[in-house]
Amino acid sequence: MTTTPAPTPSTPAPAAADAGIEAAQAALAGEHACVYGYGVVGAHLPGDAETARDALATHRTRRDELTALIVAAGSAPVAAEPGYALPSPVTDAASARALGVLLEERLGALYADVVGAATTPELRAFAVRGVVAATVQAIAWGGAPTAFPGLDGRV
Amino acid sequence: MSPVTQRVDESRRRLLALVAGAPVLGVALAACGTDPRPKAAPGPRAPLDADVKLRWRAVHSEQTLLALHAATVAAHPDLTAQLQPLTAHHDEHLAALRADGPLPYGAGDGAPAAAPQVAAEPGAALAAVAEAERTAADACVLASLAAAGPRLAAVLASIAASEAGHRVVLT
């Protein structure tokens, strides 16, 4: 039907249908979990308390920035859970560092998802920095360097 | 199981699973394999051709790093154990970048023309590798921001992170 007007390309898609925002929400949930997790990590790293505090501050900042990006896109940002189950008990400095590595490596994978799914340059840029920062922090906690951080087993 | 784990109810557990769980795009990346090639693309060709260029530049960057690693190890065999695992990552980067499609610019097969200079002092040689990794990581970040294809963007971001990590372990 030639009389039917074509959909205007500038009409924004519903925010809920945006895969980039969906991935950003998953990354935000990951940042919430990291903020919780670093509280546990810091409590068991008296020698590295400052490092853990810096990491915690970094994650809080990124959580707030990501929240702002999601709000700006017209979506309601996911909230933090009141508490989280730890994947394994944290009882000493070694297990605290191991949790730090795990948190960062998983967060890196969530940000790698956002890189691919992002539909705005702002979100893409935020996510690329997120993958790099999480990888560097995982190595700082004793993680092993890999060829494809965030995409391990997916390339 | 720790007391913490036992106390946490199922709804709280789910969010940990979210952090812990399979990333959302994992399925998409596996299913797509590669981003659309210029030939098959329904959209405008320009951004996809630009992606080929980005991929070619990334290939060249990996070759330059591999040449530097090889020259460094040749000059300082004692650094082999430290560099070899990182060299293997660059081999993987190169293979992934090449596997994502043809590189029609007639390049990308040859090693860099000039042999890299390596410092006589091992510490300085290693520092030069770390610096080269940092430069390559920065270039990959910019390439990831510029990439049109989601897979290429994610791969370049991951390579940037890998090389930023190399710099950390080398310094």
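Just so you know, all these numbers are worked out from the coordinates, no wet-lab data involved. No experiment lies behind these values; they were computed from the predicted model shown. Here Cβ is always computed from backbone atoms with ideal geometry, including for glycine, and neighbour counts include all displayed protein chains.
The calculated FRET efficiency for A:THR119 paired with B:ALA99, based on their beta-carbon distance and R0 = 25 Å, is about 0.45. In chain A, with Lys and Arg counted as +1 and Asp and Glu as -1 at Cβ, which of these residues, A:GLN137, A:ALA98, A:ALA72, has the Cα nearest the positive end of the dipole, that is, farthest along it? Checking the options against the dipole of chain A, the answer is A:ALA72. What is the calculated FRET efficiency for B:THR135 to A:ALA93, with r their C-beta to C-beta distance and R₀ = 35 Å, to the nearest 0.05? Efficiency at R0 = 35 Å is approximately 0.50. Angle of helix A:49-72 to the longest C-alpha principal axis of chain A, folded into 0 to 90 degrees and rounded to 10: 10°.
Under the criterion of Cα pairs below 8 Å and six or more residues apart, the relative contact order for chain A equals 27 percent. Between B:ALA70 and A:GLU50, the simple spin-label model (points 7 angstrom out along Cα→Cβ) gives 4.4 nm.
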